[in-house]
Every structure is written in C-alpha cells, then in structure tokens.
Amino acid sequence: MKAILSCALLLMAYAVHAADAEDARLLAPLPPAAEVTLRAEMRANLLALNEILGLVAAGKLQEAGQIAEQELGVSAMGKHRNLPFEARPGPHMPPAMHSIGMDGHRAASKFARIAATGDRDGTIAALPSLTGACVSCHYAYRLR
Ligand code: HEC
C-alpha cells in the first residue's frame, strides 16, 4: 500500500512538473542580426541590474539611480537607431512585446527619480519595479 501510494505521488509530481515545463510562450522570431543585438542588450541589462542592487545595498542611491536611468531607463531607448534595420530588435517585435519593453524603460526611469531623492526606504520599495518588465516579457515571449 505504501509502495503504491509513493508511486502515485511520484507520478503526480511528474505530471505537475510536466505541466510546468510546457512552454506557453509566444514565438517572436527576430532576424539573426537583431537577435544578436537583443541578447547583448539583455546581458547588459542583467549587469546593470546587478550593479544597481549592489549600489542600493551599499546606500549609494544616487549612483544606483544614474545607472538605472542610463542603462535601463528612457535614456537607454533608441540606442540601436543607427544600426542596420535587420540588426534592430525593436521594429521586428510584435507590438505588445515592444510595449512591455517601453513599460520597462519607463519603470526604470521612475525608479531612478525615486533613487535620486535619496529616500532609502522608497528606493528599496521600488526595486521590484526594475524586474517587472523582464519577468513579463520573458514569461510571454521566446525567440526560438
Ligand atoms: C520586451 C521583452 C523583454 C524584456 C523587457 C526583457 N527581456 Fe530579456 N530577453 C527577451 C527575449 C525574447 C530573450 C530571448 C529568449 C529566448 O532565448 O527565446 C531574452 C533573453 C535574456 C537573457 C539571455 C541573453 C543571452 O545571452 O541569451 C538575459 C540575461 C535577459 N534576457 C535579461 C533581461 C533582464 C535583466 C531584463 C530586465 C531588466 C530583461 N531581460 C528584459 C526579452 C525581453
């Protein structure tokens, strides 16, 4: 009986896991050159995020705000403008995906404005707004 029960539990656990692993993300293929640009930008995003977390932890709020604005905020928009069309991710994204990206830039700028005031509690409370768009987009879209 015990063996049957644990076997059933194992099967259930597997079923739950399998349902988890099912990929419900929408495919949003980009031209190869645009994908290279996007992946490089993404790695830079992660780097910036890590720097911001470190700076906030160290109480360097103004610097955290500056990096947030420059690297993730509205100031970071349009930096691929001068690349060939095929290498620019934005214009090849479905509009809804693109607008998640825009929301992310605006959220980072809002965070930057809060950090610039030196309000430590407010800055810490606003930290999750930096990753909201990353999560939304990553859960909704894939390139392959
Ligand atoms: C508008 C959509 C969008 C937003 C916003 C976004 N990403 Fe991404 N990101 C993607 C897509 C699409 C991929 C590629 C997924 C795949 O392989 O199919 C990706 C891949 C990545 C990768 C892997 C890069 C590589 O070398 O392959 C990292 C790291 C990453 N994102 C970090 C972030 C972080 C951090 C943020 C937020 C600050 C963020 N992303 C916001 C769409 C987005």
Yes or no: Gly101 closer than 12 Å to Leu130 by Cα and within 9 Å of the ligand (Cβ to nearest atom)?
yes
Across segment 118-144, what is the total count of residues that are more than 11 Å from the ligand (Cβ to nearest atom) and in contact (Cβ under 8 Å) with a residue 24 or more places away in the chain?
6
Quick check, is Ala112 away from the ligand (no atom under 11 Å from the Cβ) and either at negative phi or touching a residue at least 24 places away in the same chain (Cβ under 8 Å) (or both)?
yes
Could you go through segment 42-55 and let me know if any residue there is more than 10 Å from the ligand (Cβ to nearest atom) and loosely packed, with under 15 Cβ neighbours inside 10 Å.
yes
Subset of segment 109-144 that is under 11 Å from the mean Cα position of the chain (by Cα) and among the β-branched types (Val, Ile, Thr) - its residue that is farthest from Gln62 (Cα to Cα):
Val135
Which fully enclosed helices (runs of 4 or more DSSP H) of segment 1-77 have 1 or more residues being at pLDDT 95 or above and not hydrophobic (A, V, I, L, M, F, W, C)?
32-57, 61-67
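The values are calculated or read from the model by the stated rules, or taken from the named source; none is laboratory data. Not measured: the values here are computed from a predicted model. Virtual Cβ from ideal backbone geometry, glycine too; neighbours counted across all protein chains shown.
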